[in-house]
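The values are calculated or read from the model by the stated rules, or taken from the named source; none is laboratory data. Everything numeric here is computed off the predicted structure, so don't read it as measured data. Please note: Cβ atoms are built from the backbone with ideal geometry, for glycine as well, and neighbour counts cover all protein chains shown.
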């Protein structure tokens with residue numbers, strides 16, 4: 001049996017109504033105002049900075065080694081200890097060197113006695129020569145004896161000095177004041193000349209070796225103030241100064257190394273700790289500024305009469321979060337803080353609503 005013709009008409013009409021309602025909803029959604037956040041340009045200090053990352057290092061790090069072969073009998077400092085210039089770091093077995101000093105001292109005493117006797121013989125020979133009791137040749141021999149005795153004394157003094165120096169070398173001392181960063185020996189081990197057994201870092205000059213993009217190097221010069229933020233002390237920045245720009249860039253990363261001196265070291269600092277540096281290159285005390293996120297292709301959207309209006313602006317200094325507006329905006333303008341809704345950007349003239 002065929003369905004009544006009227007039933008088909010009703011079904012078609014129902015589908016038409018549904019389609020019309022859907023189209024109406026889409027149109028309503030398309031023309032409905034988009035909710036946007038706005039912010040007015042604000043005046044204040046704006047600082048332009050060059051960013052870099054690096055590590056905390058000492059300007060002077062020296063390796064300490066033994067001058068002689070010897071067995072370690074005592075280690076006097078450990079890694080992390082602070083030492084002074086000339087402070088003993090370790091002691092080597094010294095018995096043989098002490099014996100050598102004793103032998104050299106005995107030789108020196110003997111040489112001194114021989115010289116004293118030779119001088120006394122010379123005085124007597126001079127009196128005998130005047131009385132013509134001895135010949136000139138015999139007198140000359142006494143003079144030669146004095147010269148030989150003086151040479152032996154000089155040699156004995158040199159041997160004693162050398163023996164004392166070798167004995168002193170059994171004390172391994174720090175050549176600078178600073179911090180012991182490495183220790184590579186234990187009591188009972190044998191050391192040889194030239195092998196590094198300690199590394200001592202001078203804490204008087206400690207700075208951050210940082211890498212900056214070479215495109216920013218033209219803005220840098222020694223003396224500029226720097227903020228340093230250590231990743232082990234997040235949230236706190238320490239003041240410093242740019243003290244040196246290196247003269248060779250990394251050819252792969254296209255970065256240049258710079259050195260930043262700190263006014264004060266962080267608590268519990270350690271060499272090699274990571275740091276972020278912010279080098280101040282320019283400052284404007286009363287800049288009209290907006291957030292960087294509001295910029296789109298050299299302009300911004302402002303809200304006027306319920307619609308987003310595109311406006312080209314001219315910017316000046318670029319700070320970490322904000323940019324200075326030189327022309328195109330006033331403090332009364334309502335700037336769209338985020339001109340993107342999802343992946344879609346606002347359109348000029350699009351209807352918008354603010355909170």
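Which one of the conditions (1) part of a strand (DSSP E or B); (2) surrounded by 18 or more Cβ atoms within 10 Å (Cβ to Cβ); (3) not assigned by TED's automatic domain parsing to the domain that holds residue 229 does residue 54 fail to meet, given that it meets all the rest?
Just one mismatch for residue 54, condition (3).
Return the only residue of 167, 115 being surrounded by 14 or more Cβ atoms within 10 Å (Cβ to Cβ) and over 30 Å from residue 189 (Cβ atoms).
Unique residue meeting the criteria: 115.
For the range 175-196, check the following and say yes or no: at least one residue is in a helix (DSSP H, G or I) and out of contact with any helix residue (DSSP H, G or I) (no Cβ under 6 Å at 6 or more places or on another chain).
no
Answer yes or no: is there a residue in the range 96-109 that is more than 30 Å from residue 74 (Cα to Cα), buried (at least 16 other Cβ atoms within 10 Å of the Cβ) and either at pLDDT 85 or above or not assigned by TED's automatic domain parsing to the domain that holds residue 179 (or both).
yes
Take the conditions outside the structural domain of residue 196 (by TED's automatic domain parsing) and at pLDDT below 90 and apply them to residue 41. Does it pass?
Against the criterion (outside the structural domain of residue 196 (by TED's automatic domain parsing) and at pLDDT below 90), residue 41 does not qualify.
Taking strands (runs of 3 or more DSSP E) that do not extend beyond the range 231-330, which have at least 1 residues that are touching a helix residue (DSSP H, G or I) at 6+ places or on another chain (Cβ under 8 Å) and more than 20 Å from residue 58 (Cα to Cα)?
The strands (runs of 3 or more DSSP E) meeting that bar are 255-262, 274-291, 299-304, 314-318, 322-327.
Go over the candidates 248, 331 one by one and state the one that is surrounded by fewer than 19 Cβ atoms within 10 Å (Cβ to Cβ), in contact (Cβ under 8 Å) with a residue 60 or more places away in the chain and over 30 Å from residue 81 (Cβ atoms).
Step by step, each of 248, 331 is checked, and only 331 is surrounded by fewer than 19 Cβ atoms within 10 Å (Cβ to Cβ), in contact (Cβ under 8 Å) with a residue 60 or more places away in the chain and over 30 Å from residue 81 (Cβ atoms).
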